[in-house]
Amino acid sequence: MRAQIIGTGSYVPETVLTNADIAKRIDTTDHWIVERTGVRERRIAAKDEATSDLAYKAALQALESAEVLPKDIDLILVATATPDMFFPSTACIVQDKLKAVNAAAFDLSAACSGFLYALSVGEQYIRSGTYRKVLVIGAEVMSRLTDWTDRRTCILFGDAAGAVLLSAAHPHDGILSIHLHSDGSLWDLICVPGGGTAIPPSEKVLMEHLNTIKMKGNETFKVAVRSLGEVALEALQANGLHPSDVDHLIPHQANLRIIHAVLTRLHMSKGKVVVNLDKYGNTSAASIPLALDEAVRDGRIKKKDLLLFLAFGGGLTWASALVRW
Ligand code: UT7
C-alpha cells in the first residue's frame, strides 16, 4: 500500500512587505535582493496571527479539496521551526481549531526540510496500515525570528502555511519514495541560538538579537546546491528513473540561484520547476506545500505527472520525495 496526496491547501497572510519597503529601513536595494535571491516580496503575519492560525487555514483548504471531514483525520503532523509555544505542540492547537476530535497530533522540527520529514512520517503510518487519513502541514511565522537589522537575512524570509491530506493509494501511484538526510556537525550554519534551554531568554539575548536567525549564507549556499543535487539523483536512481522523467520539480524556495544551480546539475529545463519565492520569499517548512498547492490549483499538475520535491535547511537537513500524482 502507498500513501497518496488527496488534497492540498495553503494560506498566506494579507500584509505584503516589498523589497522597496525593506530598503526604507536598512541599507539594501530591490536590485541587490532580486539579483542575489530572486525574492521581490514576502507576506508578514498580523500581530494576532500565530503559526497555528496559518496552519489551520491551510488545513481547512486541504480538507475541502479532498472532501474529507475533520472528524475523519487520524493524525495531524505540523512541521515548524516557529511553533506557537514550547508546548503544547502547534499540531494540538490546530487539532482544537479544526475540531478533529479523533486525531492524534504532534509537531516535527527539521527547519526548512520539515515538510518532507513530516511527509515521510505520515507516509509510514499509511503504509503500515495504522492510519487512513493523515494531515501533514508545514507552517511558519518566520517574521517573529527575523532580525530586521541584519540585511543578510531579513530580506529572505516570509510567513505562510501549506497542507496536504494523505490517504491510501493504488500501489503504482502516490508517494514512490522519500529520502532523508542530516549532518548535525553543521548545525551552526543556520540557527536561532538564544531563547531555548542552551541560552535561556535574558536581557543579553534580546540586546544581542540571539533570539533571531543567524546564518552563514555562503557556506549554506554551497552545501545546499551539492546536497539537493545528490538527493535528487538518489531518489531517481532508487526508482529506476531519469531527470528527464520528472514533470515538475518542486524545490524548497530559498534562493533562485540555488534552484537554477540544481537544475543545471540535473540537466533539467527551467520550464519544469515550480517557483514562487519571488512572491513569498523563503517560508521554511511551508515552502514546498505552498508551491505544490499553487501548481495544483492553477492546473499545472495533472494526473499521473511525476513530481520531485527537494528540501534543504537547518540541522543541516535535506530530503527528496518522488510522487506519482
Ligand atoms: O532555507 C534555508 C537554507 N538557506 C539558504 O539556502 C540560504 C543560502 N544562502 C544564500 O541564499 C545567500 O548566501 C544569501 C542570499 C544569504 C547572500 O548572498 P551572497 O551572494 O552569498 O552574499 P554575501 O553574504 O556573500 O554578501 C556579499 C556582499 C557583502 O558585502 P561585502 O562584504 O562583500 O562588502 C554583503 O555585505 O553583499 C552584501 N550584502 C548586501 N548588500 C545589499 C549582504 N546582504 C545584502 C543586502 N543588500 N541585503
Review point. Which lysines, on any chain, are close to LYS303 with Cα under 28 Å apart, when same-chain ones fewer than 8 places away are left out?
Key: LYS57, LYS71, LYS133, LYS270, LYS272, LYS279
Study note, to complete from the structure: Cross-link reach from LYS222 to lysines, straight Cα distance under 19 Å and at least 8 residues apart if same chain, gives LYS214
Review point. So if R0 is 56 Å, what FRET efficiency would HIS172 and GLU203 give, r being the distance between their Cβ atoms, rounded to the nearest 0.05?
Key: 0.40
Check your understanding: With charges set only on the Cβ (+1 for Lys and Arg, -1 for Asp and Glu), what does the dipole of the chain come to about its Cα centre, in debye to the nearest 20?
Key -> 560 debye
Point to revise | Positive-end extreme of charge dipole, the chain - chosen from MET215, PHE312, TYR11 (charges on Cβ) | key: PHE312
Revision key, fill the gap. Calculated from DSSP helices alone, with each H run of at least 4 adding -39500 (n - 2.57) and the total divided by the residues of the chain, [θ]222 nm to the nearest 500 comes to -10000 deg cm²/dmol
Study note, to complete from the structure: In whole angstrom, the spacing between the Cα centers of the stretch 29-77 and the stretch 238-301 equals 17 Å
**Study point:** Label-point separation in nm, GLU234 to ASP21, each point 7 Å along Cα→Cβ
**Key:** 3.8 nm
Practice item. Name the longest site-free stretch of the chain, where the excluded sites are GluC sites (Glu not before Pro) in a DSSP loop with no more than 14 other beta-carbon atoms within 10 Å. Key: 68-207
Practice item. Using only the Cα atoms of the stretch 150-268, each taken as one equal point scatterer with no solvent, compute I(q) by the Debye sum, divide by I(0), and report log10 of the ratio at q = 0.22 Å⁻¹. Key: -1.35
Revision key, fill the gap. Taking only Cα atoms of the chain, the Rg to Rh ratio with Kirkwood Rh works out at 0.95
Check your understanding: Which of the helices in the chain, when you take each full DSSP H run, stretch at least 30 Å along the axis at their Cα atoms and have an average Kyte-Doolittle score of -0.5 or higher?
Key -> 217-238
Practice item. Provide the FRET efficiency to the nearest 0.05 for the ASP188-LEU69 pair, computing r from the beta carbons and using R0 = 51 Å. Key: 0.70
**Study point:** Net charge dipole size for the stretch 176-324 [Lys, Arg +1 and Asp, Glu -1 on Cβ; Debye, nearest 20]
**Key:** 420 debye
Review point. How big is D, in µm² s⁻¹, for the stretch 36-85 by Stokes-Einstein at 4 °C and 1.567 mPa s if Rh is the Kirkwood radius over C-alpha pairs?
Key: 97 µm²/s
Review point. Of ASN255, TYR280, ALA295, which is farthest along the charge dipole of the stretch 176-324 in the positive direction, counting Lys and Arg as +1 and Asp and Glu as -1 at C-beta?
Key: ALA295
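Every number here is computed from the coordinates shown, using simple stated rules; none is lab data. These numbers come from a predicted model, not from an experiment. When we count neighbours, we look across all protein chains shown, and the Cβ atoms used for this are built from the backbone with ideal geometry, even at glycine.
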